[in-house]
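Novice: Questions regarding the structure given below will be posed in turn.
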Amino acid sequence: MSTSELAPDSGDYEPLVAPAHKVYPKKVDGEFRRIKWGIQLFTLAIYYLLPFVRWHRGPNEPTQAVLLDLPHRRFYFFFIEIWPQEVYYITGLLIIAALTLFLMNAVAGRIWCGYMCPQTVWTDLFLMTERWIEGDARDRIRKDAGPWTWRKIREKLTKHFIWLLIAWWTGGAWVLYFADAPTLVHSLATFAPGSGEAYIWIGILTFTTYVFAGVMREGVCLHMCPWPRIQAALTDEYALNVTYRYDRGEPRQSLKQAAALRAKGLPAGDCVDCGQCVAVCPTGVDIRMGASLGCIQCGLCIDACDAIMEKIDRPPRLIGYDTEMNIKRRACGQPAVYKPIRVRTVFYAVLIIGIGGFMIFTLATRGNLHLNVLHDRNPLTVRLSDGDVRNAYTIRLSNMKPETRRFALEVTGAAGAQVEVVGAPRDAEGRIVIDVGADQTREARVLLTARGAPADKTPAPVEFTAREIGSGESVTARDAFLWP
């Protein structure tokens, strides 16, 4: 077969990837648009202002309510302080977040994507800015297709300048969660030494916010985000999704044609094929074509369609939150059925409540003192020249109070073993005393030396107890004494 026979016919050739078309979402007013405005205002206010909220924790403690203190390895969230060894709380929060997404999807589809996803919120903010400067969709389409004029250049430059300002403050606000916000703002404003790393991260986050929310927009949702693919596997026939009621909307025709058909007693759909649902969609999806990975379930098409239905004196919610099962049931003359409480939603809710309750319980009952013991691995045990056997351990004592504390270390279990802590003195009562600074962790090396060895050489359990001198508060950790 020749090469020319292998070449595709120019008339039948289709590209592997469909060409991208710029989406010009049209302005719309209505119930769901107002809900989006409210959620957008609320979430952005939290994000931008939360670093400046103060929370008093005591002397020598940071006063920022939410702070990820990487140099001191602490995470502060109002009255909660998470230490590195408590990273399982972060794991628990991530699991709860994933289960919450699953629950939201099982109840109302991609409601997270449509209302609370950061990409959606900031893209909406950038679109609002673009609409404010360049006009609504029709004006933007005409200007983009027309020649470059001074007005067009001025509007484009103004728009991108404001976009960069929003992206800059977005990146700057994120950096404020990692240092004391007022102090860092002053350092950045005065170009104080040591602010270079903050400038670099602000620059990176400014660039990514500008590109994702201003340039790529719906491309992030359509091609980069994995959640639409995951969501498609999690949904079922009872999940509410933004749905076009084709049982009521079809067949489509103009308003006059529909009126003429109804006058003759013939079936006529309510959809007048105005295309407003597509015009307002931020991803350019035609909801009338059925379920789509591009639909973020924002509900703006519902507002647009309801406005048209009101003008032509037809019932609202030709497009609405509904299930595919209900559309089929209505087509058969059966009543709609809604089941928000079912096996999967109960399962997700029980897991969320269970994991969340366990985390709250452990937080409420946790102490302010931790002790970890790590047995030396190489070698596990040493036989001394006089025949004695020695095991070495590294203990890590964490003081989670904002004050220096003194502890007496007790080791029990290895009968007759001598205890020595490198660098820790004994007091007048013969106790091994370890001082731990305020909100600090101290490591100490413990040597246990036993004379001789038992015949069976069974590992002996060893118990380490750190008891605070004065209050008597104690913490215990266990390990084993090994024989050669």
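Novice: Out of G472, C332, G284, whose Cα points farthest toward the positive end of the dipole of the chain (charges: +1 Lys, Arg; -1 Asp, Glu; placed on Cβ)?
Specialist: The residue sitting most towards the positive pole is C332.
Novice: If you don't mind, another one. Please say if the chain is rounded, prolate or oblate, where rounded means a/c under 1.5 for a ≥ b ≥ c the square roots of the C-alpha gyration tensor eigenvalues, and otherwise the choice is prolate for a/b larger than b/c and oblate otherwise? Numbers along the way, then the final one.
Specialist: Details: a/c = 2.69, a/b = 2.14, b/c = 1.25.
Taking the square roots of the gyration eigenvalues as a ≥ b ≥ c, the chain is prolate.
Novice: Provide the net charge surrounding P25, with neighbours chosen by a C-beta distance below 10 Å and charges set as Lys +1, Arg +1, Asp -1, Glu -1.
Specialist: That works out to +1.
Novice: Also, quick follow-up: Please work out the Kirkwood hydrodynamic radius for region 31-233, using every pair of different C-alpha atoms, and report it in angstroms with one decimal place.
Specialist: Working: mean 1/r = 0.0508 Å⁻¹.
This gives a value of 19.7 Å.
Novice: Extending each Cα 7 Å along its Cβ direction at S471 and E403, get the distance between those two points in nm, one decimal.
Specialist: If labels sit at S471 and E403, their model points lie 0.8 nm apart.
Novice: Once both labels are modelled 7 Å past Cα along the beta-carbon direction, what's the F52-R248 spacing in nm?
Specialist: It is 4.6 nm.
Novice: Continuing with the same structure: Roughly speaking, what is the centre-to-centre gap between region 42-65 and region 376-405 when only Cα atoms are used, to the nearest Å?
Specialist: Measuring centre to centre over Cα atoms gives 40 Å.
Novice: Here's another thing I want to ask about it. For the Cα atoms of the chain, what angle does the longest principal axis make with the long axis of helix 343-365, in degrees from 0 to 90, nearest 10?
Specialist: It works out to around 30 degrees.
Novice: For a Förster distance of 30 Å, can you work out the FRET efficiency between the beta-carbons of T183 and F361, rounded to the nearest 0.05?
Specialist: 0.25
Novice: Distance cut-off 19 Å, Cα to Cα: go down the list K256/K311; K36/K143; K22/K159 and report the pairs above it.
Specialist: On the way: K256/K311 14 Å; K36/K143 28 Å; K22/K159 17 Å.
Pairs exceeding 19 Å: K36/K143.
Novice: Place a +1 charge on the Cβ of each Lys and Arg in region 241-328 and a -1 charge on the Cβ of each Asp and Glu, then give the dipole magnitude about the Cα centre in debye, rounded to the nearest 20. Please report the intermediate quantities before stating the final value.
Specialist: On the way: 11 positive and 11 negative charges, 69 e Å.
Here the size comes out at about 340 debye.
Novice: Mean residue ellipticity at 222 nm from the helices of the chain, using -39,500 (n - 2.57) per DSSP H segment of n ≥ 4 over the full residue count, to the nearest 500 deg cm²/dmol?
Specialist: -12500 deg cm²/dmol
Novice: Say each of T190 and A480 gets a label point 7 Å from the Cα, pointing the same way as Cα to Cβ; how far apart are those two points in nm?
Specialist: 5.9 nm
We did not get these values from a lab; they are worked out from the coordinates using the rules stated. The structure presented is a predicted model; accordingly, all values stated were derived computationally and were not measured. Every residue, glycine among them, receives a Cβ derived from its backbone with ideal geometry; neighbour counts consider all protein chains shown.
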